[in-house]
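Read-outs: derived from the displayed coordinates by stated rules, not from any lab. Fair warning: this is a prediction, and the values are worked out from it, not measured in the lab. For neighbour counting, all protein chains shown are included, and Cβ atoms are generated from backbone atoms with ideal geometry for every residue, glycine included.
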Amino acid sequence: MNDEANPVPVPEPVLVPRPEPEPEPGSAPAPRRRVRRLVTVVLPAVLVLGAVAGGITYTSRTVDTADRTAPTTLWSHADSDDESENKDPAVRAGEGRTDTVLGRKLLPVPVGWGLGPDVGEFGNDGEFTAKQATALMKAVGEGLSGGVRREFEKEIDKLGVKGIGARSYAADEADATAEILLVRMSNRAFVHDWFTTQTERPGTRKGPEVKGHKKAACFLMPKSAKIDLEGMQCVAYDDDLMVTVVASGSEPFDAAAIADLVRKQLDHIASPGTYV
């Protein structure tokens, strides 16, 4: 894949606070704090639910017809900071890639799960470099007015984005899928602010706790008579990593199993190989 990320159409994010409306034409530029709020509140949700995870849209038919036997590697390799990396993505491919930095941070496919269906054009197991991830984030601001967009892009540059990694999972014994997305950045203060903002969700249904991890929270999708699916989103952070898990499935939906998947992911980040 080329370093220049293609613009990606993104739907309105769900399960997150809405941003303040754009100023009317001719009015004064938005204050910098509003731009920062736009970055903190909207951007990660758009990336996760729009460009990468696609929102909670999978049906049981998608799960049933997915090819879980091999990973799709449509994303380019990221620069490695680990000399012990496995340079052959085909080795133990069913557990996920280990030839990239974030590929090794992502949870290897655990017992009871397989690699899930492709997520749009991004495949089911891949990583964006720092340059690609930054371009993708800036593409979210294409609809903003000139001055606001310039401020938006400046705020993106301040984040020091190092990369985005994603992997999808499909349950072996249930109609359920999950996508785990890791965003790595130098600005740890933003990571903390992002988590705080993402946990402020009045009116949502609180999901199960993630055992052993206080820096994690889960929320169940609002009930809808029009959608015969259940879904949940979990957010967490660890040092310079933003962690988001989006899961969906038909009833009965095992929210506790998804929370346990989040626990395994966070345990794997802390101590690779000890998440079982």
Item checked: Proximal lysines relative to Lys162, as straight alpha-carbon distance under 17 Å, when same-chain residues fewer than 8 apart are discounted -> Lys105, Lys131, Lys138, Lys154
Margin query: Under the rule a/c < 1.5 gives rounded, and otherwise a/b versus b/c splits prolate from oblate, where does the range 124-239 land using the Cα gyration tensor?
Written below: prolate
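Determine the sum of side-chain charges near Ala259: Lys and Arg each +1, Asp and Glu each -1, restricted to other residues whose C-beta is under 13 angstrom from that of Ala259.
0
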Next item on the list: Tell me which residues come under 5 Å, amide H to amide H, from Ala176 once H is placed; ignore anything under 5 positions away on its chain.
Entry: Ala171
Notebook entry, point to check: By average Cβ neighbour count within 10 Å, what is the ranking of 97-104, 33-40 from highest down?
Noted result: 97-104, 33-40
Margin query: Taking the alpha-carbon distance from Lys223 and a cut-off under 30 Å, which lysines remain once sequence neighbours fewer than 8 residues away in the same chain are dropped?
Written below: Lys206, Lys211, Lys214, Lys215, Lys264
